[in-house]
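Taken together, the values in this text are just the output of simple stated rules run on the coordinates, not laboratory data. It should be emphasised that the depicted structure is a prediction, and the values quoted were computed from it without experimental measurement. Every residue, glycine among them, receives a Cβ derived from its backbone with ideal geometry; neighbour counts consider all protein chains shown.
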There are 2 protein chains.
Amino acid sequence: MVIPKVEDYLKTIHRLQDRDTQVAPSAIATAMGVQPPTVTAMLKRMHDDGFVDYERYQGARLTTRGEKLALETLRHHRLLELFLTEQLGYDWSEVHDEADVLEHYISEKLEARIAALLGFPTVDPHGAPIPTVDLKVRHDAGQQSVDQFDEGSLVVVSEVRDNSPDVLDYLTEVGVRLGALLKVIEVAPFGMITLKVRETDDQFSLPSETASSIFVTQFDATSTSESGQFSEVH
Amino acid sequence: MVIPKVEDYLKTIHRLQDRDTQVAPSAIATAMGVQPPTVTAMLKRMHDDGFVDYERYQGARLTTRGEKLALETLRHHRLLELFLTEQLGYDWSEVHDEADVLEHYISEKLEARIAALLGFPTVDPHGAPIPTVDLKVRHDAGQQSVDQFDEGSLVVVSEVRDNSPDVLDYLTEVGVRLGALLKVIEVAPFGMITLKVRETDDQFSLPSETASSIFVTQFDATSTSESGQFSEVH
DNA sequence: AGAATGAATTAGACACGTCTAAAGAAAAGG
DNA sequence: CCTTTTCTTTAGACGTGTCTAATTCATTCT
C-alpha cells in the first residue's frame, strides 16, 4: 500500500538476491543508503504485508508477491529508460535517475501505451532485459563480462550494467555502445584491462571493476548481427 | 522540500485564489478532500517555508515563491496532459489523473524535452493555457462560458474546465470538442441549457453547472479558425 | 569453551501528513 | 448587543520512514 518506498526496497532485495540466498539487512542498508535499524523496521512491515519472508536474524527473501512487484517496477524502469532515449532524445547516461523516480508513478495503462509505442521491446538502452508483461525475464545466457575473455578475443557489447553517468559518458566517448565490436588487447593482473574499439580503432583501459559491468558475447561473423559495418575482422 | 503534497496544496490555493482574496482553510479542506485541522497544520508549515502568507484566522494567500511553484506544477500538468494525448494516444478524458501524479515527479529536463517535442504548445487538451517556461499565463480574454450567451448564438468551443471523465466522454460523444461550432438553442431558467453541434446536428441539453465549464468565443466567420468545415453558417 | 568482534535488533526520537475530539474565535441573526 | 452558529485552531493520536544510542545475538578466534 505504501508503494514507492516498498518498491525501492523490493528492487534492491531482488538485485541482491542472486539465487535463493537470504539477503542480509546490512547489505540492504548499504544498497539503499540507510541505517540498519531502518531496514529492520521496513522488513518487519514488508513481512506483515506479505512482500518478504523475514525472521529476525535470518535475513530476507522475496515472496512471490514481492518478486512480482519488484519485477513490475523493473519493467517500468526499463521501459521508461528506453522511452526516454527513443522518444525524448535522452542519452543512455541520463535515463537512470529519471526512470528511478517515474517507475513508481506511471499507471498500468501508461506502461502498456509506452510498451506498444516502442514495439514491445525486449531490452533497455543498457542492454538489460525488460521483464515481459507477465513478468518473465529472459536472461542472455551467452553473455559474460568482458574481463572474463582472453587477450585477443573479439567480442560484441551486449549489456552495460553501470548507472553512473560519468562511466557511461566515458564509454560513449571511446565508442563502447551496444553492438560495438571490441578486441581484448591486454588483461593486466593488477586489475586493468585494455580494449580496442573496432569501429574507431580507439584503444583505452579500464579498471577491471568497470570492465566487469560490460557484458559481451564472443564475436561470430556468421551471426545475424545488425553491426554489419564490423563484419570484416581485424 | 516536501515537494508533492505542498505542490498539491499550492495548486489548490492558486485555483481558489481568484484575484487577491485570502483563501479560507475550509475551502482548501473541501477542495483537497481533507479535514480542516490538516489544512491548519499544512498552512503553518507552508508559511514557515515561505510558500504562503498565513496568520491564524486570516486565511492564506500565495507568496511569489508559492505562486511560482504552483505555476511550475501547473505547467507540468498541462504539458503532460498534452503529451499523453499527442504521443501516447490518450483521450482528453483520461489524462487528468495520470498527469496529476506525474506532474510532481518529472525533472526540469524532461519538462523541457516534452515541451520541445510538442512544439512549445500554448494550450492543453482541454484548451487551458500552459504556463510558459518563465511561468506567465496568457488568459484568453475573449472567451466566456456558454451559459452566458443568448439563444441563437453561434459559438466556438475554446476550453472545457471539467476533469470528470464521464462528463468529457459524454461531451465527446455529442460532438463537443475544442474548435467545435455550437448553436445555443435554449437557455431554460431552471438551470438547463440546450445546444446543437453544427457538425453533427446533434442536439443535447446540459445542466447549467456543466455548461458553465464550457468556454466558448463568439463565432466570427472572418476569424482565422482552423475549423474550415464550419464556415458555412446555418 | 570463553572472549572478542561484528551484525542485527530494540528503544526512543523526530518530521510528515493525516485523523478525531474539544476548545476558541469570528460571523450571523435576532 | 448578545446569542447562536459556523469556522478555525489546539490537543493528542497514529502510520510511515528515517535517525542515534544502546542492547542482544551470532560468529570467529584464541
Using only the Cα atoms of the range A:3-62, what do you get for the radius of gyration and for Dmax, in Å? 10.0, 26
Could you calculate the contour length gain from A:ARG65 to A:ASP91, that is, 0.36 nm times the residue separation minus the distance between their Cα atoms, to one decimal place in nm? 6.0 nm
Using θ = phi - 60° and the Karplus form 6.51 cos²θ - 1.76 cosθ + 1.60, what ³J(HN,Hα) does each residue of the range B:113-121 get, whole Hz, x for Gly and Pro? 5, 5, 4, 5, 4, 8, x, 6, x
Quick one: with label points 7 Å out along Cα→Cβ, list the inter-copy distances for A:ALA116 in nm, shortest first? 2.8
Farthest toward positive dipole pole in chain A [+1 Lys/Arg, -1 Asp/Glu at C-beta], among A:ILE106, A:GLY179, A:THR64: A:THR64
Estimate the FRET efficiency between B:THR200 and B:ARG19 by the formula 1/(1 + (r/R0)^6), using the beta-carbon distance for r and 35 Å for R0, to the nearest 0.05. 0.35
Size of electric dipole in the range B:144-221: Cβ of Lys, Arg +1 and of Asp, Glu -1, about Cα centre, debye, nearest 20: 140 debye
Sort out for me the Cα centre separation of the range A:86-165 from the range A:175-208, rounded to whole Å. 22 Å
Karplus-derived HN-Hα couplings along the range A:152-163 (A = 6.51, B = -1.76, C = 1.60, θ = phi - 60°), whole Hz, x at Gly and Pro: x, 5, 10, 9, 10, 5, 10, 6, 10, 9, 8, 9
Total charge dipole magnitude, chain B, about the Cα centre, Cβ charges on Lys, Arg, Asp, Glu only, Debye to nearest 20: 940 debye
If packing is taken as the average number of other Cβ atoms within 10 Å across a peptide's residues, how do A:126-132, B:9-15 rank, most packed first? B:9-15, A:126-132
Calculated diffusion of the range A:144-224, Stokes-Einstein form, Kirkwood radius summed over Cα pairs, 20 °C and 1.002 mPa s, µm²/s: 173 µm²/s
Nearest-ten-degree value, helix A:36-48 long axis tilted from longest Cα axis of chain A: 70 degrees
Positive-pole candidate from A:MET192, A:LEU154, A:THR210, dipole of the range A:144-224, charges at beta carbon: A:LEU154
Charge dipole (debye, nearest 20) of the protein assembly as shown; +1 at Cβ of Lys and Arg, -1 at Cβ of Asp and Glu: 1200 debye
Can you give me the Rg/Rh ratio for the range A:42-84, using Cα atoms for both radii and the Kirkwood formula for Rh? 1.16
Distant alpha-carbon pairs in the range B:1-134 (separation over 21 angstrom), percent: 42 percent
Pop out the ³J(HN,Hα) list for the range B:25-32 in order, Karplus 6.51 cos²θ - 1.76 cosθ + 1.60 with θ = phi - 60°, rounded to Hz; leave Gly and Pro as x. x, 4, 5, 5, 4, 4, 5, 8
Rg to Rh ratio, the protein assembly as shown, alpha-carbon atoms and Kirkwood radius? 1.06
Contact order normalised by length for chain A, with contacts defined as Cα pairs under 8 Å and 6 or more residues apart; what percent is it? 14 percent
Once every Cα of chain A carries one equal point scatterer and solvent is ignored, give the base-10 log of I(q)/I(0) from the Debye formula at q = 0.10, 0.12, 0.13 Å⁻¹, two decimals. -0.54, -0.76, -0.87
Take B:LYS109, project a point 7 Å from its Cα along the Cβ direction, then tell me which residues of the range A:93-116 have their backbone nitrogen under 16 Å from it. A:93-103
Subtract the Cα-Cα distance of B:ASP140 and B:GLU186 from 0.36 nm times their separation in residues, and report this length gain in nm to one decimal. 14.0 nm
For B:TYR170 and A:SER164, FRET efficiency with R0 = 51 Å and r from the beta-carbon atoms, rounded to 0.05? 0.50
